[in-house]
Amino acid sequence: MSDPLYDVVIIGSGPAGLSAAIYATRAELNVLVVEKEVMSGGQILNTYEVDNYPGLPGISGYDLGAKFKEHCDKLGVVSMEDEVTKLESKEQNKLVYLASGKTISTKTIIIATGARNRMLGVPGEEELSGMGVSYCATCDGAFFKNKVVAVIGGGDVAVEDAIFLARICKKVYVIHRREEFRAAKTLSTCLSNLDNVEVLWNQKVTSIEGEDMVRAILLQDTKTKEESQIPVDGVFIAVGTLPNSAIVSGIVELDPSGYIVADETCKTSVRGIFAAGDVRTKQLRQVVTAAADGANAISSIEDYIIQNK
Ligand code: NAP
């Protein structure tokens with residue numbers, strides 16, 4: 001028996017990928033989801049609470065991811081645990097090469113590979129990663145019970161992490177390079193009501209100090225250039241994300257930051273390749289917008305398949 005020709009191969013199983021899988025299955029497309037992690041869900045798995053997904057207020061990111069997965073299982077979505085190493089766009093069909101050595105043929109591809117943590121890029125960060133330096137408060141917060149930690153960043157993730165850590169830690173510093181948060185107002189207000197949180201504005205981290213464990217961070221005031229040191233037991237870095245677009249680099253058009261150029265139709269610069277969720281150029285990266293992309297990508301793919309019969 002020859003290998004199947006899929007209608008759509010979805011790469012990634014965060015909210016965008018799984019939403020696309022649900023829409024594809026309901027549209028009776030022959031779909032395969034390829035995911036490199038055992039547990040699918042994407043970045044939300046590391047999110048303590050998602051409070052703005054309609055209908056499910058206050059749900060944990062992990063539970064929301066599990067609900068998406070359950071929904072897919074119920075519909076019989078087929079997924080494969082493997083890593084995509086290369087893509088090739090042929091005249092009609094596309095080839096997806098996997099680390100296991102398999103090659104999959106498909107009419108269309110959805111890149112739903114999301115984004116990853118951006119590093120701060122200061123001395124000590126890499127050396128002390130896992131030894132007090134963390135990128136995931138919900139994963140590692142419990143190790144810092146009654147200790148003093150610093151959260152670096154001023155976006156939603158940094159403020160959410162600080163709120164979460166304040167419940168566990170003795171003291172939480174939030175270090176932000178400007179004097180205004182980028183995070184949603186509701187989060188900033190919630191943070192300002194916490195007694196054991198101190199926000200240090202206009203501060204740049206210049207180094208993370210410690211031998212086997214984090215001991216302190218060195219700061220520089222962005223305005224006065226004054227330097228200071230704060231003793232801390234842990235550092236949670238939340239300075240944004242970078243797109244996981246390496247597999248399509250040189251194939252589809254990327255913007256200067258590496259996001260796949262695609263609008264709401266999710267069409268990329270290459271016919272038959274679509275991009276959904278955080279990996280594409282967009283104004284707002286949320287679970288709800290990623291899930292919406294999954295639906296839009298499948299709508300575009302249905303049109304594409306009809307036009308290319
Ligand atoms: P973000 O919104 O891009 O914020 C990154 C923060 O890190 C900014 O405050 C930025 O400072 C700071 N930063 C960047 N590079 C830095 C550096 N080298 N040194 C010091 N600070 C640096 O990223 P995010 O908080 O990770 O959020 C990512 C996306 O997910 C956002 O679109 C966010 O809205 C979304 N999100 C949504 C939810 C939700 O729906 N509940 C929850 C979490 C996140 P500046 O402000 O000065 O640029």
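The values are calculated or read from the model by the stated rules, or taken from the named source; none is laboratory data. It should be emphasised that the depicted structure is a prediction, and the values quoted were computed from it without experimental measurement. All Cβ positions, glycine included, derive from the backbone under ideal geometry; neighbour counts span all protein chains shown.
Summary of computed values
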read-out: Residues that are part of a loop (DSSP other than H, G, I, E, B), away from the ligand (no atom under 16 Å from the Cβ), charged (D, E, K, R) and exposed (fewer than 15 other Cβ atoms within 10 Å of the Cβ), drawn from the range 49-93; value: Glu83, Lys90, Glu91
read-out: From the options Gly153, Gly124, residue that is among the small types (Gly, Ala, Ser), modelled with pLDDT of 95 or more, within 10 Å of the ligand (Cβ to nearest atom) and over 30 Å from Val34 (Cα atoms); value: Gly153
read-out: Test: residue in the range 133-145 that is of a type outside the set (A, V, I, L, M), away from the ligand (no atom under 16 Å from the Cβ), at pLDDT 95 or above and surrounded by fewer than 24 Cβ atoms within 10 Å (Cβ to Cβ); value: yes
read-out: Some residue of the range 96-108 being in contact (Cβ under 8 Å) with a residue 40 or more places away in the chain, out of contact with any helix residue (DSSP H, G or I) (no Cβ under 7 Å at 6 or more places or on another chain) and within 16 Å of the ligand (Cβ to nearest atom); value: no
read-out: Ala150 being part of a helix (DSSP H, G or I), touching a residue at least 60 places away in the same chain (Cβ under 8 Å) and surrounded by 24 or more Cβ atoms within 10 Å (Cβ to Cβ); value: no
read-out: Condition broken by Met213, with the remaining ones in (1) more than 12 Å from the ligand (Cβ to nearest atom); (2) within 16 Å of the chain's Cα centre (by Cα) satisfied; value: (2)
read-out: The range 221-279, residues that are within 24 Å of Leu5 (Cα to Cα) and of a type outside the set (Gly, Ala, Ser); value: Ile247, Val248, Ile251, Val252, Thr265, Cys266, Lys267, Thr268, Val270, Arg271, Ile273, Phe274
read-out: Where Pro256 falls short, out of the listed (1) farther than 20 Å from Tyr135 by Cβ; (2) within 16 Å of the ligand (Cβ to nearest atom); (3) assigned to a strand (DSSP E or B); value: (3)
read-out: Leading residue by the ranking (farthest from Thr224 (Cα to Cα)) among those in the range 192-209 that are surrounded by 21 or more Cβ atoms within 10 Å (Cβ to Cβ) and hydrophobic (A, V, I, L, M, F, W, C); value: Ile208
read-out: Options Pro243, Pro231: the member that is touching a strand residue (DSSP E or B) at 6+ places or on another chain (Cβ under 7 Å) and within 16 Å of the ligand (Cβ to nearest atom); value: Pro243
read-out: Ser228 being touching a residue at least 40 places away in the same chain (Cβ under 8 Å), assigned to a strand (DSSP E or B) and of a type in the set (Gly, Ala, Ser); value: no
read-out: Close pairs (6 angstrom Cβ cut-off, 6 or more residues apart or separate chains): among the small types (Gly, Ala, Ser) in the range 155-167, within 9 Å of the ligand (Cβ to nearest atom) and not in a helix (DSSP H, G or I) anywhere; value: Gly155/Arg182; Gly155/Ala183; Ala158/Ala238
read-out: Extreme residue, nearest to Ser300 (Cα to Cα), among residues of the range 8-38 that are in contact with a Phe, Trp or Tyr (Cβ under 9 Å, 6 or more places away or on another chain) and assigned to a loop (DSSP other than H, G, I, E, B); value: Leu29
read-out: Close pairs (8 angstrom Cβ cut-off, 6 or more residues apart or separate chains): over 30 Å from Ala183 (Cα atoms) in the range 283-309, of a type in the set (Phe, Trp, Tyr) and in a helix (DSSP H, G or I) anywhere; value: Ile298/Tyr23; Ser299/Tyr23
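Yes/no matrix, rows are residues, columns are (1) more than 10 Å from the ligand (Cβ to nearest atom); (2) under 23 Å from Ile59 (Cβ atoms):
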site	(1), (2)
Cys169	yes, no
Ile175	no, no
Phe181	no, no
Lys185	yes, yes
Asn196	yes, no
